[in-house]
Amino acid sequence: MDEPVSVEPPPKDPELGLSASEPASSCIDILQNGGPAISGIYWLKPGKAEAFTAYCDQETDLGGWTLFFNYNHKPMNNKPIDSTSLPTEPATDNSHMNL
């Protein structure tokens, strides 16, 4: 019987998700295969889709989450939903949608 072969994981790519020319397939891809992943805006290209930017939450429940809708209701101070811009701080920014 052959001995099991140990295979080294591929090296992490510190540029993964940082540009349209090197998009990640998902936020978890950045977390597992990229550089030191911190929450923020990254370039993603899942499957055959065009590359786009999205907010990746790399802290909540071990990270790897992609924000696709965020609306923080502020009584008497609601902004309209803006589907053209990403939030810089999802916990405090008021509107975003990128489906």
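The values are calculated or read from the model by the stated rules, or taken from the named source; none is laboratory data. All values derive from a computational prediction rather than experimental measurement. Cβ atoms come from the backbone with ideal geometry, glycine included; neighbour counts cover every protein chain shown.
Would you be able to say whether some residue in segment 2-10 is at pLDDT below 95, within 16 Å of Leu67 (Cβ to Cβ) and not small (Gly, Ala, Ser)? Spell out how you get there, then give the answer.
The initial filter retains those residues of segment 2-10 that are at pLDDT below 95, namely 2-10.
Subset that is within 16 Å of Leu67 (Cβ to Cβ): none.
Checked segment 2-10: no residue is at pLDDT below 95, within 16 Å of Leu67 (Cβ to Cβ) and not small (Gly, Ala, Ser).
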Here is a list: Asp61, Asp2. Which entry is assigned to a helix (DSSP H, G or I) and of a type in the set (Asp, Glu)? Asp61
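Take the residues of segment 1-34 that are touching a residue at least 12 places away in the same chain (Cβ under 8 Å) and of a type in the set (A, V, I, L, M): which is surrounded by the most Cβ atoms within 10 Å (Cβ to Cβ)?
Ile30
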Output the residues belonging to segment 60-76 that are at pLDDT 90 or above and of a type in the set (Val, Ile, Thr). Thr66
Identify, by number, the condition in (1) part of a loop (DSSP other than H, G, I, E, B); (2) at pLDDT below 65; (3) buried (at least 16 other Cβ atoms within 10 Å of the Cβ); (4) not aromatic (Phe, Trp, Tyr) that Ala37 doesn't meet. (2)
Could you run through segment 11-29 and say how many residues are farther than 14 Å from Leu67 by Cα, touching a Phe, Trp or Tyr at 6+ places or on another chain (Cβ under 7 Å) and not in a loop (DSSP other than H, G, I, E, B)? 1
Residues satisfying the stated conditions in segment 40-53, i.e. surrounded by fewer than 10 Cβ atoms within 10 Å (Cβ to Cβ) and in contact (Cβ under 8 Å) with a residue 12 or more places away in the chain: Gly47
